[in-house]
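Please treat every number below as a calculation from the coordinates, not as lab data. On a predicted model such as this, the values are computed, not experimentally measured, just so you know. No Cβ is skipped: glycine too gets one built from the backbone with ideal geometry, and neighbour counts run over all protein chains shown.
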Amino acid sequence: MTLTDILLAAWSGGFTTKSDLARTHATLVGVASSEGYITTKLLCSEAEYHNVWLITVEGLRLLEHLNDNHQ
């Protein structure tokens, strides 16, 4: 599992904070979150959070950059 895999999972519908993916790869999820690539914050709210990790704009930019470098 790589950081890219975590971002792709967050982009393709997300994964819950207590999912097997989140538990098994907690360090990568933590890195992705700390770097601002994934979030549980609701897009339409400044103060509401939920239990699903979703990709952020920064995460999408990173995926695009990684994709451009592999083509």
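Return the equivalent ellipsoid semi-axes of the chain as a descending list in whole Å, where each equals the square root of 5 times an eigenvalue of the C-alpha gyration tensor.
Whole-Å semi-axes of the equivalent ellipsoid: 19, 15, 9.
Rank-order 3-14, 46-57 by packing density, defined as the average count of other C-beta atoms within 10 Å over each peptide's residues, highest first.
Descending packing order for the listed peptides: 3-14, 46-57.
Farthest toward the dipole's positive end in the range 3-69, which of L66, T4, G30, given Cβ charges of +1 (Lys, Arg) and -1 (Asp, Glu) about the Cα centre?
Checking the options against the dipole of the range 3-69, the answer is G30.
Which residues' amide hydrogens lie under 5 Å from the amide hydrogen of I38, considering only partners 5 or more residues apart or on another chain, with H built in the peptide plane?
Answer set, sorted by chain and number: S33, T56.
Quick one: helix 57-69 against the long Cα principal axis of the chain, what's the angle to the nearest 10°, folded into 0 to 90?
The two axes meet at around 20 degrees.
If you place +1 on the Cβ of every Lys and Arg, -1 on the Cβ of every Asp and Glu, and leave all else neutral, what size is the dipole of the range 3-69 about its Cα centre, to the nearest 20 Debye?
Numbers: 4 positive and 8 negative charges, 45 e Å.
Approximately 220 debye in magnitude.
Explain nothing, just the number: relative contact order of the range 3-69, from Cα pairs under 8 Å at least 6 residues apart, as a whole percent.
Once normalised by length, the contact order is 38 percent.
Based only on other Cβ atoms within 10 Å, what is the fewest-to-most ordering of T27, T39?
Lowest count first: T27, T39.
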